[in-house]
Amino acid sequence: MSLAGWIRLSPTAAEVSRFNDWFDRRCAASDIEKSLAADMKLCINEVLANFISYGFKNTANPSIVVNVWLRPGRAVARIFDNGTYFDFRKWERPADRDLPTAEPGGYGIALIKERASRICYGRFCGVNRLKIICEA
Amino acid sequence: MGMDMRLEQTSLPDNILLVKLIGPLDIAGAGEVDMPFSVLSGKHDKVIVDLAGVTFLASIGIRVLVKAARAVNGRKGRFVVFGPTEDARKVLRSTGIDTMIPVVADQTAAISECAK
């Protein structure tokens, strides 16, 4: 069974929890594989965490809309936001690190790049449009 | 709403502190445990962390673990995590954390690792 839905969010940690509850329910109502659902949930969490940390410092009325399509073998998310320009595709995976010297950041981008099968990004009229596809 | 993140601590023999994390270690969960975990890791030299109850692990949760491990290891202590779910283990592997912090199967193995 395929299933689609959307949710509007503010850039706060509580809203990420609300998204996770919503996403878990959507996945449970679809026939999507658990591993694929976990991959997409992780990707979207990393994007939302990045928005909260960096995306809306100069935005008066921040807005995020997440659309998802779920079906066996494939999950697609389209994320629209009016924050700053940020192209996830251009961020390099952090180099291998060791514990004493590692800065405890940069893991999110690595996770998105590993879990997503494809990432598309564009910015039009002040709105960022990020598309993430996870395939089995 | 979903389950909140919880941190439980238990003192074990040989001055080992067991920290049990329970709930989603997403940005909200990490925010809840970051401060208490930092305080604990600043005071104990042998810390084992039970991840079996962590239902979701995002990079912000990795950051909490790395900060704590650095604090303990910086004092020549031991910091070991154990029991992650398959999903959490995958995140630990993907980020290379399992090459920086010992990740073992269970509490017995974690205590043994602390003794090394």
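Tabulated data
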item	result
For B:Met5, residues with placed amide H under 5 Å, excluding near neighbours	none
Net charge of Cβ neighbours under 13 Å - reference B:Lys46; Lys, Arg +1; Asp, Glu -1	+2
Most fluctuating residue given options A:Ala29, A:Ala116, A:Ala60, as computed from a GNM of chain A linking Cα atoms under 10 Å	A:Ala60
Inter-label distance, nm, simple model (7 Å from Cα along the C-beta direction), A:Phe124/A:Ser63	1.6 nm
Highest-fluctuation residue, B:Ala69, B:Ala28, B:Ala52 considered, GNM on chain B with Cα pairs under 10 Å	B:Ala28
Value at 222 nm in deg cm²/dmol, rounded to 500, when DSSP H runs of n ≥ 4 in the protein assembly as shown each add -39,500 (n - 2.57)	-11500 deg cm²/dmol
Interchain or long-range residues, amide H under 5 Å from A:Ser117's placed H	A:Ile133, A:Cys134, A:Glu135
Interchain or long-range residues, amide H under 5 Å from B:Val104's placed H	B:Val81, B:Phe82, B:Gly83
Relative contact order %, chain A, counting alpha carbon pairs below 8 Å whose residues are six or more apart	28 percent
Residue list for the stretch A:47-73, given a label point 7 angstrom along the Cα-to-Cβ vector of A:Ser10 and an amide N cut-off under 12 Å	A:61-64
Tally of Lys pairs whose C-alpha atoms are under 21 Å apart, taken over the protein assembly as shown, 8 or more apart or cross-chain	24
Peptide A:12-21 - average C-beta neighbours from other chains (10 Å radius)	5
Residue-averaged beta-carbon neighbours from other chains (10 angstrom radius) around B:52-65	5
Fully extended contour minus Cα-Cα distance, from B:Val39 to B:Ala105, at 0.36 nm per residue	21.2 nm
Of A:Lys41, A:Lys90, A:Lys113, the one that fluctuates the most in a GNM where chain A has Cα springs shorter than 10 Å	A:Lys90
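Coordinate-derived values only; no laboratory data. None of the values given here were measured: they were computed from a predicted structure. For neighbour counting, all protein chains shown are included, and Cβ atoms are generated from backbone atoms with ideal geometry for every residue, glycine included.
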